[in-house]
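*Asks:* Once you've had a glance at the structure underneath, I'll fire off some questions.
The values are calculated or read from the model by the stated rules, or taken from the named source; none is laboratory data. Worth saying up front: this structure is predicted, and the values here are computed from it rather than measured. Here the Cβ positions follow ideal geometry from the backbone for every residue, glycine too, while neighbour counts run over all protein chains shown. Ligands, DNA and RNA are stripped out before the accessible areas are found, and what is left, the full protein with its side chains, is counted by its heavy atoms. Shrake-Rupley method; radii C 1.70, N 1.55, O 1.52, S 1.80 Å.
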Amino acid sequence: MMFNFGYYIIGNNIEALEVAGLYFAISFFILVLDLFTKHIVQKNMVPHQSIPVIKNVFHITYVQNTGAAFSILKGKTFLFTVVSSIVIVIITLVLIKLPAKHKAFGIVMALILGGAMGNFIDRLRFGYVVDFLDFRVWPVFNIADCAIVIGVLILAYLITFHPEYQSLFK
């Protein structure tokens, strides 16, 4: 008899399986969008090249970021790769085990997972993260960073203003 890992984790709960599939579809969409946009930038630009979309407001600027969000802790690629892999595993397990009634929390975690995977893949492939969205008053960032920040902000809102989400962390 073959061991069925999916059944072991979720059991015979079809609704939980469908909801987990939704979460992973969201993560996959974020991942594909992130990697596709980074690929377009890398194929059509050289590092530090900047193309104004709205002059002095928004540019596409190709940056190779060896740090974390907003280029902090530059050169710590190994540390961020290890931390990212741990976060990816934990979020994946949370999404698999998450009760179907907590869909907003699952969607938020799916956004964070998709973003974490996009930047993780960059660090493994290149040793840096490709950033390109440049609003001139903020450090250059990418689609993965957007998904992570939006996910974390919504998560903070849910935990702060909806007590039913606080119990998920006890």
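*Asks:* Multiply the residue gap between N56 and C146 by 0.36 nm, knock off their C-alpha separation, and tell me the result in nm, one decimal place.
*Replies:* Values: separation 90, 0.36 × 90 = 32.40 nm, distance 2.08 nm.
In short, 30.3 nm is gained.
*Asks:* What figure in square angstrom, to the nearest 10, would you give for the accessible area of I159 with a 1.4 Å probe?
*Replies:* Around 50 Å² of this residue is reachable by solvent.
*Asks:* Would you please put 115-124, 37-46, 137-146 in order of how densely packed they are, using the mean number of other Cβ atoms within 10 angstrom per residue and starting with the highest?
*Replies:* Answer by packing, highest mean first, reads 115-124, 137-146, 37-46.
*Asks:* Another question about this same structure. So what's the angle, to the nearest 10 degrees on a 0 to 90 scale, between helix 143-161 and the longest Cα principal axis of the chain?
*Replies:* Once rounded, the angle reads 50 degrees.
*Asks:* Turning to a different aspect of this structure: Along the principal axes of its C-alpha atoms, what lengths does the chain span, in descending order and rounded to whole Å?
*Replies:* That gives 54, 43, 26 Å along the principal axes, largest extent first.
*Asks:* Name the most mobile residue of I54, I91, I150, meaning the one with the largest mean-square fluctuation, in a Gaussian network model of the chain with Cα contacts below 10 Å.
*Replies:* So, out of I54, I91, I150, the one fluctuating most is I54.
*Asks:* Now a separate question. Using DSSP to call loops (not H, G, I, E or B), can you name the chymotrypsin sites (Phe, Trp or Tyr not before Pro) in the range 18-97 whose Cβ has at most 10 other Cβ atoms within 10 angstrom?
*Replies:* none
*Asks:* Next question, about the same structure. Do you know the relative contact order of the range 57-170, to the nearest whole percent, from alpha carbon pairs under 8 angstrom that are 6+ apart?
*Replies:* 34 percent
*Asks:* Measuring from centroid to centroid over Cα atoms, what is the spacing of the range 140-170 and the range 39-71 in Å?
*Replies:* 26 Å
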